[in-house]
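S.K.: The structure's right below; bear with me while I get my questions together.
The values are calculated or read from the model by the stated rules, or taken from the named source; none is laboratory data. Because the structure is predicted, anything quoted here is derived from the model rather than measured. Note that we place each Cβ from the backbone using ideal geometry, even for glycine, and neighbour counts take in every protein chain shown. For the accessible areas, the whole protein counts, side chains as well, though only heavy atoms, and no ligand, DNA or RNA atoms are used. Shrake-Rupley method; radii C 1.70, N 1.55, O 1.52, S 1.80 Å.
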Amino acid sequence: MAEKLPKKDVVIVGVGWAGGIIASELTKKGYDVIGLERGKDRDMADYLHGHDELRYSTRKEMMQDLSKDTVTFRNHTKMTALPMRQYGAFYPGDGVGGAGAHWNGQTYRFGPYDFEIRSMTIERYGEGKIPKDMPIQDWGITYDELQPYFEKFEAMAGIGGQEDEGPMAPPRRAVFDKNGEKKKYPVGPMKVSPMMKMFMDATTELGYHPYIVPTANLTEPYTNEDGVSRAACQYCAFCEHYGCEYGAKADPVVTVLPVAKQTGKFTVRPHSTVIKVLHTDGKASGVVFRDTITGEEYIQEADVVVLTSYVFNNVRLLLNSKLGKPYNPETQTGVVGKNYCYQVQQSGASLFFEDKEFNSYAGAGALGAVIDDFNCDNFDHSDVDFLHGGALRVMQTGKRPIATNPVPPIEGLPGWGKEWKAATLKWYHRNISIGGQGASLPNRYNYLDLDPTYTDEYGMPLIRMTFNYHDQDKKLSKYLAEKAEEIGKKMNATYIKVNGLELGDFNIANYQSTHNTGGVIMGNDPETSAVNSYLQMWDADNVFVVGASAFPHNSGYNPTATVGALAYRAAEGIEKFIKEGGSLV
Amino acid sequence: MSENKETFTEKKSTRRNFLKNSGLTLGGIVLGGAVTSLVVKNNDGETTVADSHSSHGAETSNFNRALMFFNIEQFLTVEAAAEQIFPKDENGPGAKELLVGYYIDHQLAGGFGSNAKEFRQGPFLKGEPTQGNQSAILNKDLFTMGVAALDAEAFKLAEKKFYELEEEKQIELLQKFEADEVALNGATSKQFFNLLKKLTIEGVYADPLYGGNANLEGWKMKRYPGSQMSYVNIIEKDEFVEMEPKSLSDHQ
């Protein structure tokens, strides 16, 4: 029999960015919050001695332990879904800090078009432009309404960027105080490395509008409104897959979690995996969780239940708890599991320069330059067969030697042995990449539900992903790949290897992006969305489901700032709910 | 038995030297710490016996240089195969000198060899190519099977162990494995080849704490500076900046 723990005001399931922000905001207001985290606890001591490519990048030290829980996958409903047995397409994080501990720190806002994608598409191109199997929908909130929450996130994290980003980037207000001046970013942009400069020069010559990628790798010492002081980034090249030993990369572990802990109102319970949300008649009473070390089961009761785990687990918990109506792709009814989206990441160009060497072993997760000329609805889509678009960028995240052994597309070059070795040594520092990050728009047949066969170690069904690339994605990928090639030529590369011209079926074995989204999407209508614009469930008003699971589609930008903004809005909504009760909209 | 062994070892100086030096020929009695030296066959086919405790300059002992998974015969084949993936050349040492064989041995003895962080629940179904690796075979078993198959193919070809073959023949066999032309029990030879290549690259370039990348020579060759604490002063520089690599042990 599960032991009942003392009741709390709020229980949070998953202690990453979303959980950390909500914990910090609510404990500052005096509420008692407990955070249940299935992975281990973390602090800065865990980040020292961390420049270890094998341990962190190759063996995925900070990622979810797949032996305990994974997803099953199929391309379409006629296939039998099989478990992702080893890491491939994406790397869900695990432990306190979640993916916020091992992210790169590229911190774009989604654009105005994203939040009103359906209305704006119809307005500009007519309803006929939207393919019939593409359930794009407005988010129930506009960019202008979300802007103050973006600003909260950026002020907390110390996001850096260029004051004048040009006409293509999402518009910003000068609201951040800096030495008596109002600025559009709390701190300045990252330094410009030679490869970034080459990209910016070439794209400018082509008539595009490059700017420096907004960053959560702190560009100067910074103290935020909570009094958290952090040091500046050293460009040491270990961001993605790694914790930052300087605390320079914004991470829940060094920003919101210490603030929550300092209130004395916040408890983190690591090694605690939540199995179910307890609820009757549209009201949740708490959660059942298991201590993963002892195997003991507990019940944590709370007035408000907040699901803040990764996309897959947010959806899975709802389905395993029979909370919310499961989505059915045949009838297109139900909402939980609907609009699972990803990103189109394969398009780009690998550039090789015979006469130029780059210090590409150095870098930072968010060090790069980008153009948005083909992102969102920044260009006329009348003559193309797809909607939305993507960013094109050169990133200098730091090339590490196990993972990076690029060779130019020279006919007959072998994949191992003497000639290959010499080529990898020669081209290692002579190679840079232009990467596309394309939006992923929903398809009615891309969705999440429960797997009928495979379970986790406690016998709970795994989440099943049904996902493939469709015409939209293939055309977008080709378009971005051609643009990347054009830029590569302008940069005078000796060899150009273009990727993504032909996007095949989604393959879970190849790493693409850990930007999985959807499944518990937000909106204005309970028939087509699971949560409202405060991420409060339509079907249970004391349950909030926070994270990229709320995105009705995924943009051509990295998702973290939008997750952060929505988490700040959800925190506000939770407080309002505790005071007033009922549906917030 | 001993007569057969004698005849067999007679034609293989490499093996004979190894057996002589290892103490394994002493009537089957294995002495404590028997494997104190190893046979190093360089690319000219010369065979020398290197003392395992003195091959790294100032480093007087490397107690990490010992086996926890392979037997010595398997080890020699693994070393030889890894050397063909990443051979010694004018740029610098190959897999063997970088101690990649020990790296692979140690990895297979640990969690990676037993696929500790992978989802292991059945049913193990074949699946589509888009569904990733669905094999029930553990990394350590795939590798052991692959090594046995390399030796079996070498025997078919020349009645030798793989590590005793000439370089060209070793390459030819590895190409055959890469092209999936050799059947393994429940696996393809390409799967084994891919694992061999993956582990070889890891052993060349992982921090030396894992047993490979001897003396940071892998990083030096690639002009990769390893674990530095800051590049803030070079990030904007146009010219290539080369520096002496640092390992994690420099930060202890």
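S.K.: Using the alpha-carbon centroid of each, what span in Å lies between the stretch B:95-129 and the stretch A:98-150?
M.R.: Using only Cα atoms to place each centre, the spacing works out to 41 Å.
S.K.: Can you grab the distance from the C-alpha centre of the stretch A:360-377 to the C-alpha centre of the stretch B:158-201, Å, no decimals?
M.R.: Here the two parts' Cα centres lie 41 Å apart.
S.K.: Comparing the chain by itself with all protein chains present, which residues of the stretch B:130-164 are at least 40 Å² less accessible (probe 1.4 Å)?
M.R.: With the partner chains in place, the stretch B:130-164 has these residues losing at least 40 Å²: B:T130, B:Q131, B:N133, B:Q134.
S.K.: May I ask you to derive the FRET efficiency for A:T494 and A:T267 from their Cβ-Cβ distance with R0 = 56 Å, giving the value to the nearest 0.05?
M.R.: It comes out at approximately 0.45.
S.K.: Starting from the Cα of A:S382, step 7 Å along the direction of its Cβ; do the same at B:A158; then give the gap between the two resulting points in nm.
M.R.: Between A:S382 and B:A158, the simple spin-label model gives 7.1 nm.
S.K.: Something else now. At a 1.4 Å probe radius, carbon and sulfur cover how many percent of the accessible area of the protein assembly as shown?
M.R.: 49
S.K.: Mind checking which aspartates and glutamates have their C-alpha under 17 Å from A:K474, skipping anything on the same chain fewer than 8 residues away?
M.R.: Within the straight-line limit of under 17 Å, A:K474 reaches these aspartates and glutamates: A:D133, A:D383, A:D385, A:E482, A:E485, A:E502, A:D505.
S.K.: Return the long-range amide H neighbours of A:N499 (sequence gap of 5 or more, or a different chain), with a cut-off of under 5 Å between placed amide H atoms.
M.R.: The answer is A:G348, A:A349, A:S350.
S.K.: Follow-up question, since we're still on this one. Quick query: amide H of A:K178 versus all other amide H atoms, modeled in the peptide plane; which residues come in under 5 Å with a sequence gap of 5 or more or a different chain?
M.R.: Residues meeting the amide H criterion: A:K183.
S.K.: Am I reading the B/A interface right? What is its buried accessible area, both sides, 1.4 Å probe, to the nearest 100 Å²?
M.R.: The buried area between B and A, both sides summed, comes to about 5800 Å².
S.K.: Starting from the Cα of A:D355, step 7 Å toward the Cβ, then list every residue of the stretch B:232-251 with an amide N under 18 Å from that point.
M.R.: Label zone hits: B:238-240.
S.K.: Mind computing the radius of gyration and Dmax over the alpha-carbon atoms of the stretch B:181-221? Å is fine for both.
M.R.: Gyration radius and largest Cα-Cα distance of the stretch B:181-221: 13.7, 40 Å.
S.K.: In Å², what does the accessible area per residue of the protein assembly as shown work out to with a 1.4 Å probe?
M.R.: On a per-residue basis, the protein assembly as shown sits at 38 Å².
S.K.: Now, a different point. Hey, with R₀ at 51 Å, roughly what FRET efficiency would B:Q252 and A:T77 work out to, going by the Cβ-Cβ distance, to 0.05?
M.R.: The computed FRET efficiency comes out at 0.40.
S.K.: According to the Kirkwood expression over distinct Cα-Cα pairs, how big is the hydrodynamic radius of the stretch A:1-74, in Å?
M.R.: Taking the inverse mean of 1/r over all distinct Cα pairs, the stretch A:1-74 comes out at 15.4 Å.
S.K.: Using the beta-carbon distance between B:K169 and B:M68 and R0 = 30 Å, what value does 1/(1 + (r/R0)^6) give for FRET efficiency, to the nearest 0.05?
M.R.: Between B:K169 and B:M68 the formula returns 0.50.
S.K.: Another question, then. What ³J(HN,Hα) values, in whole Hz, does the Karplus curve 6.51 cos²θ - 1.76 cosθ + 1.60 give for the stretch A:224-231 when θ = phi - 60°, with x put for Gly and Pro?
M.R.: Result, rounded to whole Hz: 8, 5, 7, x, 7, 9, 9, 8.
S.K.: How large is log10 I(q)/I(0) at q = 0.20, 0.23, 0.25, 0.27 Å⁻¹ when the Debye formula is applied to the Cα atoms of the stretch B:58-134, each weighted equally and without solvent?
M.R.: -0.94, -1.03, -1.10, -1.17
S.K.: Rounded to two decimals, what ratio of Rg to Rh does the stretch A:5-127 give with C-alpha atoms and a Kirkwood Rh?
M.R.: That ratio equals 1.08.
S.K.: Another one. Please report the base-10 log of the normalised intensity I(q)/I(0) for the stretch B:128-252, using a Debye sum with one equal scatterer per alpha carbon and no solvent, at each q in 0.15, 0.18, 0.21, 0.22 (1/Å).
M.R.: -0.84, -0.97, -1.12, -1.18
S.K.: Hey, another quick one. Given points 7 Å out from each Cα along the Cα-Cβ axis, report the B:K126 to A:E127 separation in nanometres with one decimal.
M.R.: My value for the distance between the label points is 4.7 nm.
S.K.: Write down the percent of antiparallel bridges among all DSSP beta bridges whose residues are both part of the protein assembly as shown, to the nearest 5.
M.R.: Of those bridges, close to 70 percent are antiparallel.
S.K.: In whole Hz, with x marking every Gly and Pro, tabulate ³J(HN,Hα) for the stretch A:345-356 from phi via Karplus 6.51 cos²θ - 1.76 cosθ + 1.60, θ = phi - 60°.
M.R.: Those phi angles translate into 10, 7, 6, x, 9, 9, 10, 10, 10, 4, 10, 9 Hz.
S.K.: Can you give me the C-alpha center-to-center distance between the stretch A:402-426 and the stretch A:252-324, rounded to a whole angstrom?
M.R.: Here the two parts' Cα centres lie 48 Å apart.
S.K.: If you plug each phi of the stretch B:214-224 into the Karplus form 6.51 cos²θ - 1.76 cosθ + 1.60 with θ = phi - 60°, what whole-Hz ³J(HN,Hα) values come out, in order, with x for Gly and Pro?
M.R.: So the J values, rounded to whole Hz, are 4, 6, 6, 5, x, 5, 4, 4, 8, 6, 9.
S.K.: Would you work out the Kirkwood radius for the stretch A:507-585? I mean one over the mean of 1/r across all pairs of different Cα atoms, in Å.
M.R.: 13.2
S.K.: In whole Å, what are the Cα extents of the stretch A:263-401 along the three principal axes, biggest one first?
M.R.: 65, 42, 29
S.K.: Based on the alpha carbons, how large is the Rg to Rh ratio for the stretch A:80-238 when Rh follows Kirkwood?
M.R.: For the stretch A:80-238, the value is 1.02.
S.K.: So, one more: Where in the stretch B:201-229 does accessible area fall by at least 30 Å² between the isolated chain and the complete protein assembly, at a 1.4 Å probe radius?
M.R.: B:I201, B:E202, B:Y205, B:Y210, B:K222, B:R223, B:Y224, B:M229
S.K.: Considering protein heavy atoms only and a 1.4 Å probe radius, which residues within the stretch A:176-210 exhibit an accessible-area decrease of no less than 40 Å² in the full assembly relative to the chain by itself?
M.R.: Listed in order, they are A:K191, A:P194.
S.K.: Give me the one-decimal nm value for the distance between modelled label points at B:S61 and A:D177, 7 Å along each residue's Cα-to-Cβ direction.
M.R.: 6.4
S.K.: On to the next question. Out of residues 5 or more away from A:Y222 or on other chains, whose amide H comes under 5 Å of its own, with H placed 1.01 Å from N in the peptide plane?
M.R.: A:R230
S.K.: At q = 0.09 Å⁻¹, work out log10 I(q)/I(0) for the protein assembly as shown with the Debye formula, treating every Cα as an identical point scatterer and leaving solvent out; two decimals please.
M.R.: Log10 I(q)/I(0), no solvent term: -0.91.
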